[in-house]
Amino acid sequence: MSVRARFATHLAARYEAIVVEDLNVTGMLADRRLARAVSDAGFGTVRRMLDYKTGWNGGRLIVADRWFPSSKTCSGCGGRKPSLTLSERTYRCDACGLTLGRDVNAAINLRDLAASGAESQNACGGDVRPGLAGQPPVKQEPGTATADQTGTAAAQATATRTADTHIRSQFR
Ligand SMILES: [Zn+2]
């Protein structure tokens, strides 16, 4: 089994709901700094595997719209930064002072999005019911992880940081 398959199996077996983020992969591939990491990562492959593997386990895969500002939004107060470069790995909110790892902040926003039911489609394009209860998901950015159509591997987890580290180590 490939690393990607093991990763998808691990997540699908462990978590009831997994949130992935739809990313503009074509745009990323045009960026020379990101292209290698993005093309190596196989986001689409991982997303497809997560889709059917969550189904096997009675869970579900939720896809956040690519325009959802998961990284720029403060998970504490909802404030939004006008810009955030990829090199800024720590999120510091000018409004409320929250300081958090960029990926953790984004993961919380994705979890909250899923919990709000605001996302409208699952990975198969079907309707998803609102009301997901979960713990912090795990967010990955291009350059640190996977990609094709999906940039974020997210899972509800009690140990977000642990899971994040796990994913990073799998995909380095
Ligand atoms: Zn804030």
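Taking the stretch 40-82, which residues are part of a loop (DSSP other than H, G, I, E, B), over 15 Å from the mean Cα position of the chain (by Cα) and within 16 Å of the ligand (Cβ to nearest atom)?
Cys74, Gly76, Cys77, Gly78, Gly79, Lys81, Pro82
What is the residue count in the stretch 1-38 for residues that are in contact with a Gly (Cβ under 6 Å, 6 or more places away or on another chain) and acidic (Asp, Glu)?
The total comes to 2.
Out of the residues in the stretch 17-39 meeting the condition of being touching a residue at least 60 places away in the same chain (Cβ under 8 Å) and more than 15 Å from the chain's Cα centre (by Cα), tell me which one is surrounded by the fewest Cβ atoms within 10 Å (Cβ to Cβ).
Arg33
If a residue must be within 13 Å of the ligand (Cβ to nearest atom) and hydroxyl-bearing (Ser, Thr, Tyr), how many such residues does the stretch 83-105 contain?
2
So how many residues does the stretch 84-129 have that are modelled with pLDDT under 85 and of a type in the set (A, V, I, L, M, F, W, C)?
Here the count works out to 4.
When you scan the stretch 145-158, do you find a residue that is modelled with pLDDT of 50 or more and either crowded, with 19+ Cβ neighbours inside 10 Å or not in a loop (DSSP other than H, G, I, E, B) (or both), even just one?
Among the residues of the stretch 145-158, not one is modelled with pLDDT of 50 or more and either crowded, with 19+ Cβ neighbours inside 10 Å or not in a loop (DSSP other than H, G, I, E, B) (or both), which makes the answer no.
Looking only at the stretch 2-39, count how many residues are within 21 Å of Leu61 (Cα to Cα) and outside any helix (DSSP H, G or I).
11
The values are calculated or read from the model by the stated rules, or taken from the named source; none is laboratory data. Because the structure is predicted, anything quoted here is derived from the model rather than measured. With ideal geometry, Cβ positions are generated from the backbone for all residues, glycine too; neighbour counts draw on all protein chains shown.
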